[in-house]
Amino acid sequence: MTSSAPPAVPPSTPLSAPQSPARSLLRIDRLAIAAFFGWIALLPWLPVPPYWYTIGGYVGIAALVVLGLVLLTGMAGMTSFGQAAFVGIGAYTTAVLSTHYALSPWLGLLAGMAIAGVSAIAIGALTVRLSGHFLPIATIAWALSIYYLFGTLEILGKYDGISGIPPIDLLGVALDSPRAMLIPIWLVVALFLLLVSNLLDSRPGRIIRALNGGAGMAEAMGANTPSYRLWTFVCAALMAAIAGWLYAHLQRAINATPFGLNTGIEYLFMAVVGGLSSLWGAIVGATALTMLKSFLQDWAPKLFGSVGNLELVVFGAIIVLALQRSARGLWPALVGRLPARWRPAARLAHAIGPVQTEPALPSRSKPAAGQPLLSVQQTRKQFGGLVAVNDMSFEVRAGELVALIGPNGAGKSTMFNLITGVLPATSGEIRLLGQRIDALPAREIVRHGIGRTFQHVRLMPEMSVLENVAIGAYLRGKTSMLGASIRADRHEEAALLGLAAWQIQRVGLQDVMHQSAGSLALGQQRIVEIARALCTDPMLLLLDEPAAGLRLQEKQALARLLTQLRSEGMAVLIVEHDMDFIMGLMDRIVVMEFGSRIAQGKPEEIRNDPAVLRAYLGGVEIDGETAPESPQADAAADATPTASRPEGVSA
């Protein structure tokens, strides 16, 4: 084995880093923090009606629950209607311990978090693996179950609830009024706003945000996505339980009503109306809907008379109108109306400084050039009665560029998915350096040294190019979600982002490093995917149609990059339809048709292989002779563009 570090990047194109080392709380964020929490700090000393203190406390408690929902639903993509049930667990736990057993409310907090955490792990283990509409339906089911449990247990007072809950004692001061509780409630909200912001701007936070686009890409970068989904669910539940603890000691009496499904739906409304994509959306949504609900309860009977629950109809209509005017939420709509210089800057975990001439993290050792690296032996994949890959066999050697080509539907992408663990093989073997990998999941295969891109680009459009590429460096770090929340990852993050920036400069996209990935052209997005795959430090790089959508100059730059990777000892297996790009660059070509290998060899051998010509063009004239046609070849010819025909062939 030989270790080969990547060559130094020429220092002629220095890349400047952001001037501020702040994470995501920039400009408008700082102003919003100062204005909002300054108002909260002044409120207890202002000559306002006492009810304002109670409303301020309700808003803070709701904001804490909704902040967890933004993390769970807005960032991780898991819709939950059941957060009110976890609020109830926190509230009832402290109520029972402080009234029935005369224990300190602080012990009630710890016990409530423990019970909520264990419950969330048990419920989440069954729930978060669901997808589509099954997940929110499951949250409705367990939310109803817990609500009815609150109303039937004798120790919880059934539907009458528990009264006489003592106040919280803070450093000898009894927080026995809404006015006394207001600032502590909002200090808790501010603390969790900071912790969640730190988490999202970190190595595990990028994976959480990537879950919203589907787990496949995050798994291919080495993340254990079921684990991340579970622990994100638990984090949201713990925040709801803490909110319940505050609610119980603010109200001093509780019953099951505020912890039912209706309240869970209201919390979700708050997150959506405020803006699921923003942490500040939780504050805005909780404030707007709590104030609106209170106003309607007071004024709707005066305006419309006692006509049932008419305020609920008005409440729903206002929510619909708000979403029609600002589909992404009130906070994004507000920020979008601000001058560009006041808008939040791109999210960055740390200032990364000037990009180094070589990555700060060491590269893995690679096999000597020419050593067998990947071996595919009689591999087969069936979907019921359909054979997508039929006893395929080929190999890739270290430092070799190999193309896997064939007509549309030949099974090339399925073969990629078998190699990378996305799909299990029906039979056969796939070995990397002699070790079988065909039974491993995708997150384990990338650890063994196989990186990949996708046929259809899988980037997070709202994340910057730098953040998208840094997802590929996931396996190069070790910081946990807790460590990231308290910013124990500063040095590690600097190294990971430095590596990502180095790879971005390497592929020539340093000028767009801080732009959102969704703003780039398709060709540039494919190059971003290559940089992300390179961050995994692979021995074997799998590229699925990387030249699609690229202009001539970009294809030439890609060819130079692949040539450089080959010189570093990296092997590349590429699926591509651009024959001009393939023929002039590859060392060997493997050709598939209908799931089977029909040819392999050097480009000049493949160019004139009769089986390949039949697969692509049907009947063709080669040096005065006509190759036999087949119905399957006719179908393949219809699906193959003229530009993909090998040179020297006339139809």
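A few points about this structure:
- Extension gain, Thr426 to Val48, is 128.9 nm, computed as 0.36 nm per intervening residue step minus the present C-alpha separation.
- Modelled FRET efficiency - R0 56 Å, Gln455 with Ala34, Cβ distances, 0.05 increments: 0.75
- Placing +1 on each Lys and Arg Cβ and -1 on each Asp and Glu Cβ, with no other charges, gives the chain a dipole about its Cα centre of roughly 1640 debye.
- Theoretical FRET efficiency, 1/(1+(r/R0)^6), r = Cβ-Cβ of Ala521 and Gln324, R0 45 Å, to 0.05: 0.90
- Using R0 = 51 Å, the C-beta based FRET efficiency linking Glu444 and Asn309 works out to 0.40.
- With contacts taken as Cα pairs under 8 Å at a separation of at least 6 residues, the chain carries a relative contact order of 17 percent.
- Positive-end ranking of Tyr247, Ala271, Val507 along the dipole of the chain, with charges on Cβ about the Cα centre, is headed by Tyr247.
- Beta bridges from DSSP with both residues in the chain: antiparallel share about 65 percent, rounded to the nearest 5.
- Look at the dipole of the range 28-342 built from charges on Cβ: of Thr79, Gly112, Leu187, the Cα furthest out on the positive end belongs to Thr79.
- Placing dummy labels 7 Å off each Cα toward the beta-carbon, the span from Arg129 to Leu552 is 5.4 nm.
- One decimal place: the segment Gln378-Asp587 gains 73.0 nm when fully extended, by the rule 0.36 nm per residue minus the C-alpha distance.
- Cβ-to-Cβ counts within 10 Å put Glu554, Glu467 in ascending order as Glu554, Glu467, the fewest first.
- Dimensionless Rg ratio for the range 150-225, taking C-alpha atoms and the 2.2 N^0.38 Å reference: 1.83
- Counting only residues at least eight positions apart within a chain, or on another chain, the lysines with an alpha carbon under 18 Å from that of Lys293 are Lys302.
- Angle of helix 50-69 to the longest C-alpha principal axis of the chain, folded into 0 to 90 degrees and rounded to 10: 20°.
- When Leu149, Leu211 are arranged by Cβ crowding within 10 Å, least crowded first, meaning fewest neighbours, the order is Leu149, Leu211.
- Modelled spin labels at Ile486 and Arg337, positioned 7 Å past Cα toward Cβ, are 4.1 nm from each other.
- Within straight-line reach of Lys381, meaning a Cα separation under 22 Å, sit the following lysines at least 8 residues removed in sequence or on another chain: Lys412.
- Extension gain for Ala114-Glu154 works out to 12.2 nm (0.36 nm per residue, less the C-alpha to C-alpha distance).
- Reducing the range 102-134 and the range 476-516 to their Cα centroids gives an inter-centroid distance of 32 Å.
Bear in mind these aren't lab numbers, they're just calculated from the coordinates by the rules spelled out. What you see is a predicted model; the values in this text were computed from it and never measured. Cβ sites come from the backbone with ideal geometry, for glycine too, and all protein chains shown count toward neighbours.
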